[in-house]
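Shown next, in structure tokens, is the structure this report addresses.
Just so it is clear, none of the values below were taken in a lab; they were calculated from the coordinates. Predicted, not measured: the structure shown is a model, and the values here were computed from it. All Cβ positions, even for glycine, are placed from backbone atoms using ideal geometry, and neighbour counts span all protein chains on display.
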Amino acid sequence: MDKKLGVYLCSGCSLGESLDMEKLAKVAQKEYKAPVCRVHPFLCGAEGVAQIRKDLEEGTVNTAVVAACSPRVKTAAFSFDPTAVIMERVNLREHVAWCQKPKDEDTQMMAEDYLRMGIVKAQKSEPLEPASEAISKTILVVGGGVAGMTAALEAAAAGYEVTLVEKQAQLGGFVGTLKSRFPQTPPYTELSADGMAEKIQALTYHPKITVLTSAAIVKTEGQPGMFDVTVEVEGGSKSFRVGSIIMATGWKPYDAAKLGHLGYGLSPDVVTNVEFERMAASGAIARPSDGRPPQSVLFIQCAGSRDKEHLPYCSSVCCMATLKHAEYLHAQNADAKAYIIYKDMRTPGQYEKYYAKAQNHPATFLTKGEVASVRKGEGGLVVEVKDTLLGGSVQIPADMVVLATGMVPNSADGEAIRQLHDAEAKVLRNESDTQRQEAEKRVAELKQHEGTEILHLTYRQGPDLPVLRYGFPDSHFVCFPYETRRTGIYTTGTVRAPMDSSHAAEDALGAAMKAIQSVELASKGQAVHPRAGDLSFPEFFLQRCTQCKRCTEECPFGTLDEDAKGTPKPNPYRCRRCGICMGACPERIISFKNYSVDMIASMIKAIEVPEEDEEKPRVLVFMCENDAYPALDIAGMNHAQYDPSVRIIPLRCLGSMNIVWIADALSGGIDGIMLIGCKYGDDYQCHFAKGSELANRRLENVKETLTRLQLESERIQVTQLAINEYGKLPVLINDFMDRIREMGPNPYKGF
Ligand code: SF4
Ligand code: SF4
């Protein structure tokens with residue numbers, strides 16, 4: 001595109017009182033020869049926006065740089081067709097005028113640098129060309145339990161075709177096997193019917209829903225909007241195309257064989273809560289050893305849950321399930337004793353009313369305590385409980401013991417995942433070279449087979465959804481529930497997190513909305529969140545690709561498959577536009593029309609670096625645009641002041657940082673570099689799953705290089721920051737600047 005630059009400076013919101021607008025205009029006019037440069041007292045108002053539109057419509061401008069407030073605000077006012085207009089926002093309000101001394105030389109220099117960087121970025125950008133493929137809007141639901149059926153019904157009610165695949169012969173899932181559900185209606189003191197028959201009926205006869213039972217997915221190829229799914233059903237196979245996928249494959253009980261310390265396996269009269277439910281649903285509760293109705297049952301809560309040796313999390317339903325089981329027992333024999341030994345009783349929301357009712361039953365005894373042992377006694381079992389509310393230990397005889405075992409998601413093979421994490425931990429530990437190499441080999445093997453292969457994805461990065469520790473398919477726990485690391489594939493219900501059936505039904509609504517959003521955005525060639533609406537795609541200049549595979553390996557979303565030689569094969573609709581591949585590529589051949597290695601390098605070069613004797617250091621701050629950048633906006637809104645020597649460059653994700661920028665900055669005389677990204681680890685907050693972690697890893701190598709060049713490695717600092725930690729940012733910046741001043745100027749300044 002032949003660029004026609006227009007620079008629009010706003011003097012409202014106290015910008016005019018803080019900055020010399022005329023001098024700023026001169027930067028645009030003299031240094032960048034902008035043919036159009038206007039200063040407006042209220043640029044986001046109707047008149048200001050109309051002026052920009054007029055210039056665009058008349059064709060005098062096709063590349064607009066708006067220097068005003070943060071790009072995170074007034075998005076509707078400054079929104080122009082990205083396929084025809086290049087638009088760049090320069091943040092002079094939150095990042096300059098509101099956080100720096102007004103009418104100060106350093107403040108003015110900061111604003112001028114930001115304007116230079118914005119103009120250069122716009123000059124290096126190209127209008128976007130959205131992909132346009134024929135998109136299927138059919139939604140595939142995998143799993144016919146409460147969550148799956150609800151998601152299917154809700155998506156169909158919104159007008160979408162749905163195909164539901166269930167591996168069992170019947171729909172209904174786990175809830176369909178229950179004697180009754182927890183109370184669902186006021187006053188929340190009475191158990192409810194399972195309600196499955198009505199739901200199955202509605203689903204089976206819904207004109208927009210196709211149900212395939214006794215069916216298993218054998219292959220899922222393609223990308224959002226174009227998933228080609230093959231299902232084995234009725235002895236044959238069926239193939240069809242869908243746009244997005246909701247995985248609602250439920251849970252399985254924790255393996256009670258691992259709970260020998262709680263008596264499982266000691267006697268047939270020690271059973272799990274699921275076994276007890278089945279017994280009750282089949283008509284009568286009887287001791288497995290002799291078939292007699294029990295006179296006393298002892299329930300052990302958190303059997304393997306909230307236990308770091310087993311499941312460290314709370315499965316959220318076991319307390320209510322046990323109270324329900326005590327009611328079953330009393331329905332059979334009002335005098336039978338129900339002893340409940342708990343760590344804490346967790347009955348959230350209205351379920352508290354059911355708990356209160358259960359507490360009042362004269363034959364129900366609840367105590368906090370820790371089970372020390374379960375042994376056989378005369379005619380039954382004896383449970384020793386320590387640290388009870390009564391103090392000391394008690395021995396309780398019981399005819400039966402019921403273990404409230406927890407939920408394990410039906411996602412990936414838990415054992416394989418555990419082995420994978422153990423092997424990964426070995427790689428990280430300082431074991432001998434041989435042990436580490438063996439562990440690395442094991443990690444590679446296990447990664448090839450990470451899941452139970454429910455979806456049988458044909459992705460280069462594995463056949464199923466990656467999971468976090470403990471087997472839950474990965475979702476961004478703060479911002480994006482339902483999200484997995486496979487774009488267009490969402491999880492819901494107990495495969496996503498432990499929850500009861502009414503919560504699972506609500507959860508399914510959310511997943512249905514996400515699946516709909518995904519197909520709708522795909523139909524416009526747009527990214528799903530966090531960059532919802534983005535039309536850009538990474539472009540690969542493959543003639544120069546060395547097949548190093550870094551991009552395919554580091555893409556968190558499995559976007560890139562590869563050919564036999566290792567050349568990446570992009571699936572653009574799987575892409576979330578994070579730019580991590582761009583940061584990974586040593587050949588620097590991956591770029592977006594509006595985000596590239598060259599563009600950021602040019603922005604760095606646009607910063608005016610004062611000479612050494614001017615004693616004005618310059619520090620570059622790469623900030624993740626999802627957390628750190630908005631945090632700095634909030635700091636600005638609070639008028640928090642910080643050192644004016646910093647220059648901020650927002651990155652789509654810290655993982656998109658290419659280390660060449662570090663070299664460019666240091667060789668250009670920049671005195672220090674901060675990288676501020678999201679928290680990483682198991683509880684990561686990175687919007688792109690592992691971008692900040694990757695940036696940190698890449699930087700370790702850079703620091704070694706700096707030391708070899710006799711440059712202090714402390715000139716580079718990486719920090720993890722959450723959006724709500726905005727108060728820390730000015731302190732972080734000022735402390736870093738103090739250290740840079742102590743170290744003195746970059747010795748390469750001026751070379
Ligand atoms: S931009 Fe992100 S999601 Fe897209 S291919 Fe690159 S690394 Fe993968
Ligand atoms: S990182 Fe770059 S050089 Fe390596 S495989 Fe990907 S595109 Fe090719």
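Cβ under 12 Å from residue 330's Cβ, residue 330 left aside: what net charge do those residues give with Lys, Arg +1 and Asp, Glu -1? Walk me through the numbers on the way to the answer.
Numbers: positive: 324, 337, 357; negative: 327, 335.
After counting each charged neighbour, the total is +1.
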To the nearest 20 debye, region 596-751 has a Cα-centred charge dipole, built from +1 on Lys and Arg Cβ and -1 on Asp and Glu Cβ, of 380 debye
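Dipole magnitude of the chain about its Cα centre, charges +1 at Lys/Arg Cβ and -1 at Asp/Glu Cβ only, in debye to the nearest 20? Don't skip to the end; give the middle numbers.
On the way: 85 positive and 96 negative charges, 145 e Å.
In debye, rounded to 20, the chain gives about 700.
By the scheme Lys and Arg +1, Asp and Glu -1, what is the net charge of all other residues having a beta-carbon under 14 Å from that of residue 362? Provide the component values of the computation, followed by the final result.
Working: positive: 337, 357; negative: 327, 335.
Once all neighbours under 14 Å are counted, the net charge is 0.
What Kirkwood hydrodynamic radius, in Å, does region 596-751 give when the mean of 1/r is taken over all pairs of distinct Cα atoms and then inverted? Show your work: numbers first, answer last.
Numbers: mean 1/r = 0.0637 Å⁻¹.
Value: 15.7 Å, from the Cα pair sum.
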Between the modelled labels at residue 373 and residue 361 (7 Å from Cα along Cα→Cβ) the distance in nm is 3.0 nm
Surpassing 19 Å at the alpha-carbon level, of the pairs 258/441; 616/749; 124/690; 124/593, are 258/441; 124/690
Given Cβ charges of +1 for Lys and Arg and -1 for Asp and Glu, the option among 639, 681, 658 whose Cα lies farthest towards the positive end of the dipole of region 615-703 is 658
In nm², the average projected area of the convex hull spanned by the Cα atoms of region 1-127 is 6.8 nm²
Net charge (Lys, Arg +1; Asp, Glu -1) of residues whose beta-carbon lies under 10 Å from that of residue 525, residue 525 excluded, is -2
Once normalised by the length of region 1-127, the mean sequence separation of its alpha carbon contacts under 8 Å that are 6 or more apart gives a contact order in percent of 32 percent
Listed with the fewest Cβ neighbours within 10 Å leading, 299, 365, 78 appear as 365, 78, 299
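Only four residue types carry charge here, +1 at the Cβ of Lys and Arg and -1 at the Cβ of Asp and Glu. Report the dipole size of region 1-127 about the Cα centre in Debye, rounded to the nearest 20.
So the dipole magnitude of region 1-127 works out to roughly 120 debye.
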Checked against the positive end of the charge dipole of region 254-409 (+1 on Cβ of Lys and Arg, -1 on Cβ of Asp and Glu, about the Cα centre), the farthest of 371, 268, 358 is 358
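For region 510-617, what's the relative contact order in percent, using C-alpha pairs closer than 8 Å and at least 6 residues apart? Don't skip to the end; give the middle numbers.
Numbers: 129 pairs, mean separation 25.4, N = 108.
Taking the mean separation of contacting Cα pairs over the length of region 510-617, I get 23 percent.
On full extension of the chain, what length is gained from residue 83 through residue 239, given 0.36 nm per residue of separation minus the C-alpha to C-alpha distance? Walk me through the numbers on the way to the answer.
On the way: separation 156, 0.36 × 156 = 56.16 nm, distance 3.60 nm.
Result: 52.6 nm gained on full extension.
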Residue separation between residue 713 and residue 204 times 0.36 nm, minus their alpha-carbon distance, gives in nm 176.8 nm
Expressed as a whole-number percentage, the relative contact order of the chain with C-alpha contacts under 8 angstrom and at least six residues apart is 12 percent
Once the in-chain neighbours fewer than 8 apart are removed, the aspartates and glutamates whose Cα is under 14 Å from residue 199 read 154
Over all directions, the chain yields a Cα convex hull whose mean projected area in nm² is 38.9 nm²
Placing +1 on each Lys and Arg Cβ and -1 on each Asp and Glu Cβ in the chain, then taking the dipole about the Cα centre, the residue among 668, 32, 144 whose Cα reaches farthest towards the positive end is 144
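Let me make sure I get this right: for region 254-409, a, b and c are the square roots of the gyration tensor eigenvalues over alpha carbons, sorted descending. Under 1.5 in a/c it's rounded, otherwise prolate if a/b > b/c, else oblate. Which is it?
Details: a/c = 1.19, a/b = 1.05, b/c = 1.13.
In terms of gyration-tensor shape, rounded.
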